[in-house]
Amino acid sequence: MGLCVQFGLRFNVIADRYEFQGGPRRSMEDMKARYFSLARALLIAREGGEELVGNVDIIKNPYNYAHELDRKRQLALAWARSTGIENAEDTSVLEAASSIEAHKTAAAGGVSVSVPVIGRDERAGASALANGTNKPDTPSEEGIPSLFSPQGLPVKPSPGIYSRGAYSV
C-alpha cells in the first residue's frame with residue numbers, strides 16, 4: 001500500500017519498484033487485483049456494510065483480473081497485427097519509389113538527374129536573363145551603390161555606419 005500511495009497508483013512504476021524479499025515475483029495485474037481487493041474490503045469495513053457504499057466505483061465495478069489479462073492479450077495481438085501491416089505497406093511504397101526512380105533514370109538516358117543548388121548570385125543572374133538584360137538587377141554590383149534614398153538617389157552613409165542586410169560600397 002505504501003508504494004501505491006508513493007507513486008499515485010501508477011501500477012507500471014509500482015510493478016517496477018516492487019520487491020518482496022523471499023516472495024514470488026508479482027505481475028502488474030496481480031498487484032492491481034491485490035490493491036483493489038484490499039481497498040474494497042477496507043472501505044466496506046470502515047463504513048459498516050456494502051449497502052452504505054454501494055455507489056462507490058470500487059464497489060460497483062470490482063477489478064476483474066481475467067478481463068484485464070484478456071484485454072492486454074487482445075491489445076498485444078492488435079499491435080502485432082498493425083505493425084506487420086505497416087511494415088508491409090512501407091516496403092511496398094519504397095519498392096514503388098525505387099521503380100519510379102529507375103524509370104526516370106532510364107528515360108534520362110541512364111544519367112541520374114539531380115537538381116542543382118542555386119546560389120544568391122546565380123538567382124540574380126537568372127532574374128536578369130528573364131528580363132532580357134545581361135546585367136543583374138541587384139544594386140550590390142561593383143560601382144553601383146547599394147543604398148538609395150526614397151527618391152531613388154544613391155546614398156553614401158557616413159563612415160562607421162552600416163545598414164542591416166545591405167552591403168555598401
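The values are calculated or read from the model by the stated rules, or taken from the named source; none is laboratory data. Because the structure is a prediction, the values reported are computed rather than measured. Cβ sites come from the backbone with ideal geometry, for glycine too, and all protein chains shown count toward neighbours.
Table: residues versus (1) farther than 30 Å from PHE36 by Cα; (2) in contact with a helix residue (DSSP H, G or I) (Cβ under 6 Å, 6 or more places away or on another chain); (3) at pLDDT 65 or above.
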{"residue": "GLU68", "(1), (2), (3)": "no, yes, yes"}
{"residue": "ARG73", "(1), (2), (3)": "no, no, yes"}
{"residue": "ALA78", "(1), (2), (3)": "no, no, yes"}
{"residue": "GLU101", "(1), (2), (3)": "yes, no, yes"}
{"residue": "PHE148", "(1), (2), (3)": "yes, no, yes"}
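Kindly indicate the residue of the stretch 34-55 that is farther than 22 Å from ILE14 by Cβ and in contact with a helix residue (DSSP H, G or I) (Cβ under 8 Å, 6 or more places away or on another chain) and also modelled with the highest pLDDT among those meeting that condition.
Going through the qualifying residues, I end up with ILE44.
Looking across the stretch 53-66, the residues that are part of a helix (DSSP H, G or I) and surrounded by 10 or more Cβ atoms within 10 Å (Cβ to Cβ) come down to ILE58, ILE59, TYR65.
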